[in-house]
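J.: Could you have a look at this structure, given as structure tokens, before my questions?
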Amino acid sequence: MARLPILVTARRAAFALLVLATVAGLLWLAAATLAVGGHDWLDVALLACFAVTLPWAVIGFWNAVIGLLVMRFSADPVAAVFPAAAARVDAPVVASVAILVCIRNEPPAHVLRNLAPLLEGLERAGVGDRMHAYILSDTTDAAIAREEDGLFGRLADAWRKRIAVTYRRRADNTGFKAGNIREFCERHGAAHDIAIVLDADSVMPASAVLRLVSVMQSTPTLGILQALVVGLPVTSAFARIFQFGMRLGMRSYTIGSAWWQADCGPYWGHNAALRLAPFMAHCHLPPLPDGSHVLSHDQIEAVLMRRAGYEVRVLPEEDLGWEENPPTLVEFIRRDLRWCHGNMQYWRFLALPGLKLVSRVQLLLAILMFLGSPAWIGILLLGTIGAARAPHDFVDPAYGGALLVVFLVMWFAPKIATIIDVLLRPAARAAYGGSARLLASVAGETVFFILLSPIQWFAHTLLLVRLPFGMQVGWAAQQRHEHTVPLARALLRFWPQTLLGLASIAVLAVHNPAALPVASLIAGGLALAVPLAVISAAPLAGRLMLRLGLGRLPEETAPPDTLRALLLPALARTPDA
């Protein structure tokens, strides 16, 4: 055990050197690209913007490279980055486990649909006496509250002699989800050892709960254990292609990051296990000095748990649970802005006494993830000005071409790593519908990702400009059901993106058409924001993708029993592989 800290320190030092060296190399290449005629204020501003975008891209690249190496050359990739994951999955449950389902203005029947298979699975496993399900409601809609009272009251009665079920609703949602869980801790936390935290859209099989509990029981120093969460099979075109891309990049990225983060891992706020005693003692989040509450509470709770001396780990296995992703671009951006606002609150915690160095770096990176968005928009604006001002000597084409290729490879590295791993495994290829379907889906997702990214960047930028003037995002209920996006709504929501994208394209079309292909990597997505929002929400697009097997997930090829019980339309319509 004494060797582990030395090994982890060596890994972190090596990773830091790789990241710093790569950032330096890319900045040198960018400076050489802009060196035609010397560097003026515009070049310096472009370099500064580019530098802000680099941390996430470079870290993602090296996470992917390391993750691929671990996946390909380790007999047990999960144990290679988290040795305690080898704990017996059939160990008896001796801990008292609270299952926390946090909801707010959600259709109660939908919540019950997701929860029922878990309760039934736990009963079949014979651990019902060790489990207690809590449905923690922050619902403010009176009609939904009445429906909750009736449905969850009947649920508690039906399960009374098998698994305890408690429903409660707060009068207000002070502190948002963190306040909801804090209220549970104050009332019931002392009665339990471990909490499994679920969102309203979380679907977790009983086997996953038992897996998390087994690892927690075998590792007393483990404070938070985060499970990998993958997308639920859906018919929405937007959600299908988005979560297919997430699935491609998630495992290599997570294994790579776990290799160097080790005991300073992530917490995503749901589909995770918490050791309640230290969580209650060390992870309370009081209001911020301005009276507001932390929106993105999870990573702060993770660094506080680590500060208290407890490990925070991620378990990078793909069968531990699912979540529902936003079905439309409008809903996706709405959720993204809440995360952006929440991450911007992290600056208040950077100097918190006692935090581990890795924890401070994680908070800083969480901030930079969204500060990179205005940097990308700045690159588009400044690059358009520079290319229009000096059509023939703005950039060195040799250096610029090399920079573009290198950066694109780094940008897509997490997905490339998983694609390589899947293509080299016959069973994995078959699970994704075969090589042809997989590669066709990859091609479509690549175009989608290039279009989606600048739309996100612009939305983040608008929010960041407004935050100093009192803009508040809040925590509104998410529309999880599939629905269309009318053209008028898309225009109202995305006209600023469209205007900027078309303006950049028009300027370059007049002054420097040769720059359009590169500029379109950003401007193209902005210009097409409205049709992307409308088409990706159209039922016909989703049905067509499903019929062709595009965006197929392994769960669609061989649905687990937990998902079969949900009677998902995407599984009912899935064609044979």
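Quick note: the coordinates plus some simple rules give every number you see, no bench work behind them. Predicted model only: the values in this text are computed from it and were never measured. Don't worry about glycine lacking a Cβ; one is built from the backbone with ideal geometry, like all the others, and counts go over all protein chains shown.
J.: What number, in percent, do you get for the relative contact order of the chain if the mean sequence gap of Cα pairs under 8 Å and at least 6 apart is divided by its residue count?
T.: Once normalised by length, the contact order is 20 percent.
J.: Okay, next question. Beta carbons within 10 angstrom, averaged per residue: use that to sort the peptides 544-557, 73-86, highest first.
T.: 544-557, 73-86
J.: While we're on this one: Distance between Cα centroids, the stretch 169-232 to the stretch 514-577: provide it in whole Å.
T.: 30 Å
J.: So which aspartates and glutamates can Lys177 reach, going by Cα to Cα under 13 Å and dropping same-chain residues fewer than 8 places off?
T.: Asp138, Asp199, Asp298, Glu301
J.: Further question on the same structure: In nm, to one decimal, how far is the Arg162 label point from the Leu365 one, both placed 7 Å along Cα→Cβ?
T.: In this crude label model, Arg162 to Leu365 measures out at 4.3 nm.
J.: Just to be sure I understand the rule: take each whole DSSP H helix in the chain, project its Cα atoms onto its long axis, keep it if the span is 30 Å or more and its mean Kyte-Doolittle hydropathy is at least -1.0. Which ones pass?
T.: Helices passing the filter in the chain: 3-33, 41-73, 237-261, 357-389, 435-466, 487-511.
J.: How much length would be gained if the chain were fully extended between Asp290 and Trp495, taking 0.36 nm per residue of separation minus their Cα-Cα distance, in nm to one decimal?
T.: Contour length minus Cα-Cα distance gives 70.5 nm.
J.: Could you check the spin-label model distance between Arg348 and Leu408? Points 7 Å from the Cα along Cα→Cβ, value in nm.
T.: Between Arg348 and Leu408, the simple spin-label model gives 4.3 nm.
J.: With both bridge residues required to lie in the chain, what share of the DSSP beta bridges run antiparallel, to the nearest 5%?
T.: Of those bridges, close to 25 percent are antiparallel.
J.: Students often forget the sequence filter, so: which aspartates and glutamates lie under 17 Å Cα-Cα from Lys161 once same-chain residues fewer than 8 apart are removed?
T.: Those aspartates and glutamates meeting the cut-off are Glu120, Glu123, Asp129.
J.: Is it possible to state the helix-based mean residue ellipticity at 222 nm for the chain, with each DSSP H run of 4+ residues giving -39500 (n - 2.57), the sum divided by total residues, to the nearest 500 deg cm²/dmol? What is it?
T.: Counting only the DSSP helices, I get -20000 deg cm²/dmol.
J.: With each label point set 7 Å from Cα along the Cα-Cβ vector, what nm distance links Glu186 and Arg389?
T.: 5.7 nm
J.: Peptides 193-199, 484-490, 115-121, 38-44: what's the order by average Cβ count within 10 Å, highest mean first?
T.: Highest to lowest by the protection proxy: 193-199, 115-121, 484-490, 38-44.
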